[in-house]
């Protein structure tokens with residue numbers, strides 16, 4: 001993964017009087033033409049505002065949905081332009097094209113400080129295919145390029161990778177903040193480092209676990225994933241979600257962790273219920289004694305206390321995935337308790353906390369502590385691929401070897 005030290009920040013560039021193409025992720029949830037969650041717009045707005053205030057002609061480019069390379073009026077970014085204007089408190093011109101004469105004509109009357117949003121990039125098959133011709137048509141619209149969409153950085157598309165070969169390219173403030181936070185959590189962390197990895201299935205996070213055992217001091221496994229590890233140790237897990245065919249994989253990961261000196265922490269007690277529904281009858285039981293007719297839906301009180309004790313000895317926490325079925329009451333107790341404990345340690349200056357992934361963000365919001373963490377990433381696929389140690393094409397495309405320091 002690219003380090004922040006060898007990526008150029010747009011704040012350091014002279015943008016006055018220049019047309020700056022800014023890749024954003026404005027793929028927001030929408031129902032009936034109305035935006036239902038403006039989080040991504042609100043996070044991006046300060047970048048557009050900063051460039052506008054510096055006298056740039058700001059041209060925002062983004063995808064929306066999966067139109068599969070064809071124009072689809074239901075997937076137009078026109079409503080998003082209105083949402084961005086509201087967030088910014090200033091006009092945003094919508095251009096109903098993303099390349100060609102129509103786009104050039106729409107942008108031709110822009111003045112310094114103006115902001116425009118082009119139509120959905122994915123109306124053209126060349127975007128996802130990273131077609132050089134499409135990248136050239138995009139590049140023809142601007143003088144500089146800025147990527148401010150970490151959540152799209154794991155895709156080598158024309159607007160994230162191809163265009164960087166054609167224009168002076170920079171990282172936007174949001175992308176830089178993400179890289180800095182992630183670097184602090186795993187590339188150059190303050191130790192001991194703990195990683196909490198939860199969620200439903202081991203199969204979706206094998207690569208993450210394999211990478212983390214050699215990079216962290218403590219690996220906390222929760223959620224449905226923990227059931228597979230408990231099963232791999234010979235414990236019965238009743239009717240719980242469990243990938244029995246991955247028991248060997250779980251044992252291999254535990255062996256690799258032991259060899260690397262990484263402690264793996266599994267639940268010592270659990271909350272088991274007779275149904276996957278709110279208010280279901282439930283009992284607390286030792287992790288190796290789950291009733292045959294019940295399913296594990298959360299960690300128990302002894303596990304919560306053990307986790308709190310361990311966290312108090314750590315300096316850095318990387319979090320992806322809940323400890324239990326937090327969305328169903330009362331099976332969010334473990335997730336919320338640890339989230340609050342981590343938040344308190346963060347506020348006290350004792351722990352750097354970096355979290356990411358959709359379920360994780362939802363859990364931290366439900367616990368009311370998202371704002372207390374050091375950094376919370378809304379990226380899904382890009383965050384997971386970074387945790388796997390993969391190079392992200394959209395970030396790699398921005399790297400400037402000549403900016404490398406001896407430390408980097």
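The values are calculated or read from the model by the stated rules, or taken from the named source; none is laboratory data. Everything numeric here is computed off the predicted structure, so don't read it as measured data. Cβ: placed from backbone, ideal geometry, glycine included. Neighbour counts: every protein chain shown.
Computed values, structure above
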quantity: Filtered residues of segment 189-222 (kept if closer than 18 Å to residue 261 by Cα and either assigned to a loop (DSSP other than H, G, I, E, B) or without any contact (Cβ under 8 Å) to a residue 12 or more places away in the chain (or both)); calculated: 189, 190, 191, 192, 213, 214, 215, 216, 217
quantity: Restricting segment 365-386 to residues that are part of a helix (DSSP H, G or I) and in contact with a strand residue (DSSP E or B) (Cβ under 6 Å, 6 or more places away or on another chain), the residue that is farthest from residue 39 (Cα to Cα); calculated: 383
quantity: Single match in 331, 336 (criterion: assigned by TED's automatic domain parsing to the domain that holds residue 209, assigned to a loop (DSSP other than H, G, I, E, B) and modelled with pLDDT of 95 or more); calculated: 331
quantity: Test for residue 159: is it crowded, with 24+ Cβ neighbours inside 10 Å and either in a loop (DSSP other than H, G, I, E, B) or modelled with pLDDT of 95 or more (or both); calculated: yes
quantity: Of all residues making up segment 223-237, the number that are surrounded by fewer than 20 Cβ atoms within 10 Å (Cβ to Cβ) and part of a loop (DSSP other than H, G, I, E, B); calculated: 4
quantity: Residue, surrounded by the fewest Cβ atoms within 10 Å (Cβ to Cβ), within segment 14-34, restricted to residues that are part of a strand (DSSP E or B) and modelled with pLDDT under 95; calculated: 31
quantity: Matching residues, segment 307-328, being surrounded by fewer than 21 Cβ atoms within 10 Å (Cβ to Cβ) and part of a helix (DSSP H, G or I); calculated: 308, 309, 310
quantity: Failed criterion for residue 6 (all others in (1) surrounded by fewer than 19 Cβ atoms within 10 Å (Cβ to Cβ); (2) farther than 22 Å from residue 392 by Cβ hold); calculated: (2)
quantity: Residue in segment 53-69 that is surrounded by fewer than 16 Cβ atoms within 10 Å (Cβ to Cβ) and over 25 Å from residue 130 (Cα atoms) present; calculated: yes
quantity: Subset tally (residues that are in contact with a helix residue (DSSP H, G or I) (Cβ under 7 Å, 6 or more places away or on another chain) and either part of a loop (DSSP other than H, G, I, E, B) or modelled with pLDDT under 95 (or both)) for segment 339-353; calculated: 1
quantity: Strands (runs of 3 or more DSSP E) wholly inside segment 238-305 that include at least 3 residues being without any contact (Cβ under 8 Å) to a residue 24 or more places away in the chain and either in contact with a helix residue (DSSP H, G or I) (Cβ under 6 Å, 6 or more places away or on another chain) or surrounded by fewer than 20 Cβ atoms within 10 Å (Cβ to Cβ) (or both); calculated: 282-286
quantity: Segment 163-182 - residue that is crowded, with 18+ Cβ neighbours inside 10 Å and within 14 Å of the chain's Cα centre (by Cα) and, of those, farthest from residue 213 (Cα to Cα); calculated: 174
